[in-house]
């Protein structure tokens, strides 16, 4: 039996259909891989830990200043998304307001140090000490979140995927905003 070649319109239509299916599959796959709130926040924790480790090994004031600025930016955005999104929603599902209150107090202590560091130069005598104390505070905060707070959230009926989507969107927004503010200052 002889086959007739497909017309160019049929081939084009077939390619478009395959491309459309491929895009739909990619969206579904990306959506199913969407990280939940805890995964996103833990990824932030790991990123800041890497930056602190780089700061500890860094030599030269310019490099230390660059790393400190990056640490401060990451922590500022992280604390803001937790305070705007995670903490209010977790108060609704957890029976433990104290854990949220303590986290907010720890954030304020970190924000105070961040403001001091941002107002300093790497050549300042207390610069390294302040970054080190910030690191210690953050390590303590991360340990409590990951060992106490996050497990409580995982046992709750909070929709962690939905909260993760909100956090990801707000983080993207804040990073863009802060990048724009940073470029205005230069």
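Residue 39 meets each of the listed conditions (1) over 24 Å from residue 172 (Cα atoms); (2) touching a residue at least 24 places away in the same chain (Cβ under 8 Å) apart from (1). For residue 136, are the conditions met, namely being under 25 Å from residue 98 (Cβ atoms), part of a helix (DSSP H, G or I), more than 18 Å from the chain's Cα centre (by Cα) and free of Cβ contacts under 8 Å to residues at least 40 places away in the same chain? Yes: the conditions hold for residue 136. Of the residues making up region 142-162, those that are surrounded by 16 or more Cβ atoms within 10 Å (Cβ to Cβ) and not in a helix (DSSP H, G or I) number 1. Those helices (runs of 4 or more DSSP H) of region 1-82 in which 2 or more residues are modelled with pLDDT of 95 or more and surrounded by 14 or more Cβ atoms within 10 Å (Cβ to Cβ) occupy 37-57, 61-81.
Of the residues making up region 120-141, those that are more than 11 Å from residue 68 (Cα to Cα) and surrounded by fewer than 18 Cβ atoms within 10 Å (Cβ to Cβ) are 123, 124, 125, 126, 129, 133, 136, 137, 139, 140.
The values are calculated or read from the model by the stated rules, or taken from the named source; none is laboratory data. Everything numeric in this text was worked out from a predicted model, so none of it was measured. Quick reminder, even Gly has a Cβ in these numbers, built from the backbone with ideal geometry, and neighbours come from all protein chains shown.
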